1. For the chain, modelled as a Gaussian network with Cα springs under 10 Å, which listed residue fluctuates most, Asp84, Asp41, Asp94?
2. Could you tell me how many degrees, from 0 to 90 and to the nearest 10, lie between the Cα long axis of helix 6-15 and the main elongation axis, the longest principal axis, of the Cα atoms of the chain?
3. Which residue, chosen from Leu65, Gly107, Ala39, occupies the Cα position most advanced towards the positive end of the dipole of segment 36-110, where the dipole is computed from +1 (Lys, Arg) and -1 (Asp, Glu) charges on Cβ about the Cα centre?
4. Calculate one ³J(HN,Hα) per residue across segment 61-67 by plugging θ = phi - 60° into the Karplus curve 6.51 cos²θ - 1.76 cosθ + 1.60, and present them in order as whole Hz with x for glycine and proline.
5. In a Gaussian network model over the chain where Cα atoms closer than 10 Å are linked, find which of Gly67, Gly80, Gly21 has the largest mean-square fluctuation.
6. For the chain, the longest stretch holding no GluC sites (Glu not before Pro) located in a DSSP loop with at most 14 other Cβ atoms within 10 Å is which?
7. Can you compute the helix-only [θ] at 222 nm over the chain? Use -39500 (n - 2.57) per DSSP H run of at least 4 residues, normalise by all residues, nearest 500 deg cm²/dmol.
8. Sequence gap of 8 or more, or different chains, plus Cα separation below 21 Å: how many lysine pairs satisfy both in the chain?
Amino acid sequence: MRKLSEKDIQILKKMAPEIEGKSRIEYRSILPPISMHFAEDAEDFQARLERLDGQELRYLAGRILDGSECLLCISPEFAGIFIDMLEEKQPGEDAEKIRALYKSSTGYEA
């Protein structure tokens, strides 16, 4: 079971500042709880992602590629928003790999 690192928690709090001050954070990943518990809709999810800089998006991409962050646990719409933003802020092969991984794993275009 994955335990969030300090960097993970910083990113989570940046995307969901409403959790600041909680004594315990029970999540094992970042994107699923943001998409399911905090974002009100796709626009809100995108706005929360826009708070992240390129390095933080690259960090999340690395976690997706190593299997410790679950992009497959969020809706295809939200996955597409994440991948599109990654392509915009950090163009390169990570976004292409993640898009291909998502499609091969779910059958959905993200």
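1. In the Gaussian network model the winner is Asp41.
2. Rounded to the nearest ten degrees, it is 80.
3. Selected residue: Leu65.
4. The phi angles translate into 4, x, 5, 5, 5, 8, x Hz.
5. Gly21
6. Longest site-free region, per DSSP loop and neighbour criteria: 51-108.
7. Dividing the helical sum by the residues of the chain leaves -16000 deg cm²/dmol.
8. 10
Bear in mind these aren't lab numbers, they're just calculated from the coordinates by the rules spelled out. This is a predicted model, so every value here is computed, not measured. Counting neighbours? That spans all protein chains shown, and the Cβs are built from the backbone with ideal geometry, glycine included.
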